[in-house]
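A.B. asks: The structure that follows is given in the form of structure tokens.
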Amino acid sequence: MLKAYLLTLTVVVAIGLAGCAPGARAQVAVEVGAAPDCPYGYYDVAPYACAPYGYYGPEWFVDGVFIGAGPWFHGPHDFHGYVDNHFHPEHGYKGAMPVRGEHADKHIDAAHFHGNEARDGRGHTVKK
């Protein structure tokens with residue numbers, strides 16, 4: 001009889017404590033880290049690999065410094081700039097890629113750049 005009483009008391013206490021416990025809240029954390037140090041900019045989609053010379057047009061650079069793409073975008077909200085997506089691996093590019101930390105030895109020349117797609121710096125294609 002004492003065993004049944006203790007078991008019942010234990011169950012009642014456990015149910016009472018469970019009812020008092022605060023509900024768990026779902027949490028989502030996104031950590032971006034520092035922007036990659038790439039001589040000609042980096043793709044605006046993960047894994048944010050360095051993009052080759054010729055992928056971004058001159059409007060993506062201010063005094064030779066890339067203004068960003070993806071989570072590190074530093075341009076105005078209504079920014080639209082051209083890219084040549086033939087230089088993107090998702091479009092079949094298999095050519096040379098710069099490495100992070102490499103220094104630019106060429107600068108984007110507006111007269112010779114042939115972009116085929118306008119982008120907003122946040123990974124979206126836009127009409128220009």
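The values are calculated or read from the model by the stated rules, or taken from the named source; none is laboratory data. Predicted, not measured: the structure shown is a model, and the values here were computed from it. Using ideal geometry, Cβ is built from the backbone for each residue, glycine included, and neighbour counts are taken over all protein chains shown.
A.B. asks: Among the residues of the range 56-76, which ones are small (G, A, S) and under 20 Å from M97 (Cα atoms)?
C.D. replies: Listed by number, the residues that qualify are G57, G64, G68, A69, G70.
A.B. asks: Would you please name the residue that is nearest to G75 (Cα to Cα), looking only at residues in the range 35-61 that are in contact with a strand residue (DSSP E or B) (Cβ under 8 Å, 6 or more places away or on another chain) and not in a loop (DSSP other than H, G, I, E, B)?
C.D. replies: W60
A.B. asks: Moving on. Touching a strand residue (DSSP E or B) at 6+ places or on another chain (Cβ under 6 Å), surrounded by 11 or more Cβ atoms within 10 Å (Cβ to Cβ) and of a type in the set (D, E) - does that describe any residue in the range 82-91?
C.D. replies: No, the range 82-91 contains no residue that is touching a strand residue (DSSP E or B) at 6+ places or on another chain (Cβ under 6 Å), surrounded by 11 or more Cβ atoms within 10 Å (Cβ to Cβ) and of a type in the set (D, E).
A.B. asks: Please go through (1) crowded, with 17+ Cβ neighbours inside 10 Å; (2) modelled with pLDDT of 90 or more for D78 and return the number of the only condition it doesn't satisfy.
C.D. replies: For D78, the failing item is (1).
A.B. asks: Mind listing whichever residues of the range 94-128 are over 24 Å from A34 (Cα atoms) and among the small types (G, A, S)?
C.D. replies: G95, A110, A111, G115, A118
A.B. asks: Next question. I need the full set of residues from the range 62-73 which are free of Cβ contacts under 8 Å to residues at least 12 places away in the same chain and either part of a loop (DSSP other than H, G, I, E, B) or of a type in the set (S, T, N, Q) (or both), in order please.
C.D. replies: D63
A.B. asks: When only residues in the range 98-128 that are part of a loop (DSSP other than H, G, I, E, B) and among the hydrophobic types (A, V, I, L, M, F, W, C) count, which is surrounded by the most Cβ atoms within 10 Å (Cβ to Cβ)?
C.D. replies: Filtering the range 98-128 for residues that are part of a loop (DSSP other than H, G, I, E, B) and among the hydrophobic types (A, V, I, L, M, F, W, C), the one surrounded by the most Cβ atoms within 10 Å (Cβ to Cβ) comes out as I108.
A.B. asks: Another question, if that's okay. Of all residues in the range 31-54, which are closer than 15 Å to R119 by Cα and out of contact with any Phe, Trp or Tyr (no Cβ under 9 Å at 6 or more places or on another chain)?
C.D. replies: The answer is V45, and nothing else.
A.B. asks: Report, ordered by the first and then the second residue, all pairs with beta carbons closer than 8 Å, sequence separation of six or more or different chains, a first member in the range 98-117 that is under 18 Å from Y82 (Cα atoms), and a second member that is of a type in the set (S, T, N, Q).
C.D. replies: Listed by first residue and then by second, the contacts come to N116/N85; E117/N85; E117/T125.
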